[in-house]
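Structure first, then comments.
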């Protein structure tokens, strides 16, 4: 398996949540730390794109809070500065409390495409996906043109969609469940900050 790098996106404003989602705890472990740990078991190097919630080296998108597409571009530029230009990149949002390392290893080894993106009930999961260097270059062009949507990025790529019949033997749908509100955190039995 070719090496793969990793990006943990932690810079979201958490408007609906009301506090940094990176500080939500799963079994006592903060999401920022848990996500960084799980991704680092699969990818090298791993960077945080955000204000430094984890112990990973962190970079900020420009401007901070510009959204996940800008965060992916900032992370890709930082990886390129470290010599990672040809490997794929696993991109993971920090708000996935049941992220599964087994799934990430499987995703890292999936046959190549511009993007390898799971779908759950027909809904794309672009923030738990793998992107090629060509996809990252396209993302940079989109951000330079003022685009902010991950969906626009995917619309212009050769995407290998992973449906439940493929990822189902490896993980459960809960792997892709995100925490957007305090109600989500309570429903999942998570500890909220404050």
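Just so it is clear, none of the values below were taken in a lab; they were calculated from the coordinates. Not measured: the values here are computed from a predicted model. Ideal geometry is used to build each Cβ from the backbone, glycine not excepted, and the neighbour counts take in all protein chains shown.
Annotations for the structure displayed:
- When the Cα gyration tensor is reduced to axis lengths a ≥ b ≥ c, the ratio a/c is 1.5 or higher for the range 152-192, and with a/b not above b/c it is classed as oblate.
- For 54, 132, the sequence from fewest to most other C-beta atoms within 10 Å is 132, 54.
- What the Kirkwood sum gives for the chain is a hydrodynamic radius of 16.5 Å, with every pair of different alpha carbons counted.
- Listed from fewest to most Cβ neighbours within 10 Å, the set 48, 41 follows the order 41, 48.
- Applying Stokes-Einstein at 25 °C and 0.890 mPa s to the Kirkwood radius of the range 67-122, computed over alpha-carbon pairs, gives a translational diffusion coefficient of 188 µm² s⁻¹.
- Burial ordering of 10, 102, 192, fewest other beta-carbon atoms within 10 Å first: 102, 192, 10
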